[in-house]
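Notes for the one structure printed next.
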Amino acid sequence: MSENTVTKIMELKDMSLSELRKKYEEVFEDNRKAPSNNKVYLWRKIAYKLQEIEHRELSAEARGEIEKFIQKYDPVNNKALRPEIDSNNKGKKSTLSRDKRLPIPGTIITKEYKGTSLEIKILEKSFEYNNKQYRSLTAIAKEVTGAHWNGYLFFNL
């Protein structure tokens, strides 16, 4: 990426929301209005577009290859590794069904809580924290905080 583009992108960070909205409309020349009032979102969209202008848009073939790699190697987002609901069971979950919010078994979730780093390992049917197994993330959250927390919210899943 050229130094000129990097400079333009870094200048975006210091812009106000109204300046970012104007810049968005300038960069996206198809008369699009800025889709958000979130400065970080607009900054990222404009930065991506500036890079796209400099290096050209990815070809359909390149996008397809990226999608193949994601399907094959991205364990968190790879839905192929997560069993679906069995259509023959009329909406009931199959015995292998797992919550789709959970990463695949073996993944380690980390969270900083009150200066302490928490590491939770996802197992097939449970979770491991401090060499102890728990049936739910909620149980771990309660152990750590002493208060009832929804485990998915506490661990940002």
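Just so you know, all these numbers are worked out from the coordinates, no wet-lab data involved. Predicted model only: the values in this text are computed from it and were never measured. Reconstructed Cβ throughout: ideal geometry from the backbone, glycine too, with neighbour counts over all protein chains shown.
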Segment I53-E11, length gained on full extension (0.36 nm per residue, minus Cα span): 13.4 nm
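Quick one: if the Förster radius is 30 Å, what FRET efficiency do Y73 and L153 give, using the C-beta to C-beta distance and rounding to 0.05?
Details: r = 28 Å, r/R0 = 0.95.
Step by step, r from the Cβ atoms, then E = 0.60.
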Kindly provide the pair-distance distribution of the stretch 108-154 built from C-alpha pairs, with 10 Å bins from 0 and whole-percent values in order of increasing distance. 29, 63, 8
Under the rule a/c < 1.5 gives rounded, and otherwise a/b versus b/c splits prolate from oblate, where does the stretch 3-55 land using the Cα gyration tensor? oblate
Distance between the stretch 1-29 and the stretch 38-59 - C-alpha centres, whole angstrom: 9
Above-threshold pairs, the threshold being 31 Å between Cα atoms, out of K45/K111; K22/K68; K45/K72; K68/K114; K13/K111; K13/K33: K22/K68; K68/K114
